[in-house]
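The values are calculated or read from the model by the stated rules, or taken from the named source; none is laboratory data. Owing to the predicted nature of the structure, the values given are computational and were not obtained by experimental measurement. Here the Cβ positions follow ideal geometry from the backbone for every residue, glycine too, while neighbour counts run over all protein chains shown. Quick note on the areas: whole protein, heavy atoms, side chains included, nothing else; ligands and nucleic acids left out. Shrake-Rupley method; radii C 1.70, N 1.55, O 1.52, S 1.80 Å.
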Amino acid sequence: MCGQKTEAKKETKETKAEPQYIRIPKGCVNVIVDTTKISYVDPKGQITIIRGYRIDDLGKHASFEEAAYLVLFGRLPCEDELKEFSKKLNSERWLPVKVIDALKQIPPFAHPMFYGSYGLLLLGMYDPDEGDLSIDKLYDRAIRIIAKLPLLFINGWHLSRYGRLIEPDRSLNHAKDVLRMIRGGNMPTDTEARAFESSLVLYMDHGFNASTFTTRVIASTLSDMYSAIAGAIGALKGPLHGGANQKAIEMLLEIGSPENVRWYVEEKLKRHEKIMGFGHRVYKLHDPRTDVLREWLEKLAETSGEAKKFLDMINELEKTMWELKRIPSNIDLYTGALYYLLKIPKEFYTPIFAIGRVVGWTAHYIEQVSNNKIIRPKEDYDGPRGLTYKPLEERCKR
Ligand code: SDX
């Protein structure tokens, strides 16, 4: 497999021209393409690991800053390191005026995920060191992108739809201020802010998922970090990946009540349509991230009838999907419900996934360029052969 050294065979002209190829299943199903020290996704869904810690343990206890430090540097920070890192992240939570002016050109109907890629490429244009891959510059750039990406989504949204520039409040920590700005300045309660922060930690990294692998492919050409993260956002936008949390809440609102669940699922399955927020390439039994989010929904359900209804619908959906398809739910079913209860516009749900996952993407970028081999698989061509060029007048004769 790529990443493993195959013993060097005696090389002849033939073997140089036609090495031994390994065919892998479409979509790289069950294929290991490289090693990483950042995270491991356990198919049994019991011990998914981020730098040695269980993802649900971090989701329950770590702040965004602590978890981001861990994902980037490989260990949880001591007090002075955490203070220094938080201060640096906080100090980068602003946008250059030229970038804000460019965000003002965004059409009001644009999909919000475009704001992230567009804004990142603008930041790259204004970074004279964008091509400098020295390790200190890489970490500085990662912190800059982690801090500024939320503002690109937030101001892309509020400027293009309401003509409002939302300014950061740097007296708040990252997650609380991001939630406040997403809601147009409406200050979250501590419980709302902690639930939101917990979801960002749970989204932070997750093995070689499609958007992370996209990051690594772009990093492997030694392209810059802005381009790599812009590409990752493009991958995450798809409804089979990050786009699922918005689709999941739209589904819950469409179903309306637990009583309608079975009929809804059966109708969808009859039409061979996917149930959003269910299924996973690796988790075939359970997505451990849902355990932490379930606790948040249960806490909100103590005071919110809507949260209780969402929980009842989720329970019914999980029961029905396991009975009919043996398919578990995934994180996006739960974040869709949580973000709705946090009064976040549903177009923001996938951008929020990016706001969490950008930490993992930048860490994977740094890991790839630090021990790199360009990622270039071989194709199996099964198109026509042996054709020769014919001038226009000889082609397409009736
Ligand atoms: C994320 O990779 C990651 O780690 C991703 C992620 C992360 O943190 O980065 O965990 C985040 O992307 C979670 C997944 C969010 N997407 C959705 O909820 C969209 C719905 N899910 C599916 O599209 C699907 O389950 C995928 C894309 C997630 C996984 O697809 P696979 O592994 O390629 O599996 P498949 O599509 O080949 O499905 C296998 C079978 C098929 O049935 P058959 O054709 O063999 O009869 O299971 C069925 C599928 O039809 N199936 C579903 C289903 N998911 C799979 N049937 C109904 N509803 C579903 N959701």
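Checking the structure you have, find out if any residue of the stretch 268-281 is modelled with pLDDT of 95 or more, within 16 Å of the ligand (Cβ to nearest atom), within 24 Å of Phe153 (Cα to Cα) and surrounded by fewer than 21 Cβ atoms within 10 Å (Cβ to Cβ).
Checking the stretch 268-281: not a single residue is modelled with pLDDT of 95 or more, within 16 Å of the ligand (Cβ to nearest atom), within 24 Å of Phe153 (Cα to Cα) and surrounded by fewer than 21 Cβ atoms within 10 Å (Cβ to Cβ).
Give the residue that is surrounded by the most Cβ atoms within 10 Å (Cβ to Cβ), with candidates limited to residues of the stretch 193-217 that are more than 12 Å from the ligand (Cβ to nearest atom) and without any contact (Cβ under 8 Å) to a residue 60 or more places away in the chain.
Per the stated criteria, the residue is Ala193.
In the stretch 275-316, which residues are touching a residue at least 12 places away in the same chain (Cβ under 8 Å) and basic (Lys, Arg)?
Answer for the stretch 275-316, where residues must be touching a residue at least 12 places away in the same chain (Cβ under 8 Å) and basic (Lys, Arg): Arg281, Lys284, Arg289, Arg294, Lys299, Lys309.
Could you list all residues from the stretch 165-191 that are of a type in the set (D, E, K, R) and buried (at least 22 other Cβ atoms within 10 Å of the Cβ)?
Of everything in the stretch 165-191, just one residue is of a type in the set (D, E, K, R) and buried (at least 22 other Cβ atoms within 10 Å of the Cβ), namely Asp177.
Go through (1) open to solvent by 40 Å² or more (accessible area, probe 1.4 Å); (2) more than 11 Å from the ligand (Cβ to nearest atom); (3) aromatic (Phe, Trp, Tyr) for Tyr264 and report which single condition fails.
With (1) open to solvent by 40 Å² or more (accessible area, probe 1.4 Å); (2) more than 11 Å from the ligand (Cβ to nearest atom); (3) aromatic (Phe, Trp, Tyr) applied to Tyr264, the lone miss is (1).
Please name all residue pairs, on different chains or six or more residues apart, with Cβ atoms under 7 Å, provided the first residue is in the stretch 60-83 and is among the small types (Gly, Ala, Ser) and the second residue is part of a helix (DSSP H, G or I) and open to solvent by 30 Å² or more (accessible area, probe 1.4 Å).
Listed pairs, sorted by first residue: none to list.
Mind telling me which of the residues Leu82, Leu70 ends up being surrounded by 16 or more Cβ atoms within 10 Å (Cβ to Cβ) and out of contact with any Gly (no Cβ under 6 Å at 6 or more places or on another chain)?
Leu70
Tell me which of these Arg161 doesn't satisfy, since it passes every other one: (1) assigned to a helix (DSSP H, G or I); (2) touching a helix residue (DSSP H, G or I) at 6+ places or on another chain (Cβ under 9 Å); (3) open to solvent by 50 Å² or more (accessible area, probe 1.4 Å); (4) among the charged types (D, E, K, R).
That leaves (2) as the condition not met.
Given the options Asp169, Asp140, name the one that is among the acidic types (Asp, Glu) and part of a helix (DSSP H, G or I). I'd like the intermediate steps shown before the answer.
Details: Asp169 fails: part of a helix (DSSP H, G or I).
Exactly one residue qualifies, and that residue is Asp140.
Test Lys373 against the stated conditions and say whether it is modelled with pLDDT of 95 or more and within 23 Å of Ser39 (Cα to Cα). Break it down stepwise before answering.
Working: modelled with pLDDT of 95 or more: yes; within 23 Å of Ser39 (Cα to Cα): yes.
Here the answer is yes, as Lys373 does meet what is asked.
Looking only at helices (runs of 4 or more DSSP H) that lie completely in the stretch 279-398, which have at least 2 residues being within 18 Å of the chain's Cα centre (by Cα)?
It comes to 289-301, 331-341, 349-370.
Being assigned to a helix (DSSP H, G or I), within 13 Å of the ligand (Cβ to nearest atom) and in contact with a Phe, Trp or Tyr (Cβ under 7 Å, 6 or more places away or on another chain) is the filter here, so list the residues in the stretch 225-243 that pass it.
Within the stretch 225-243, Ala232, Leu236 qualify.
Take the conditions in a helix (DSSP H, G or I) and among the β-branched types (Val, Ile, Thr) and apply them to Ile100. Does it pass?
So Ile100 fits the description; yes.
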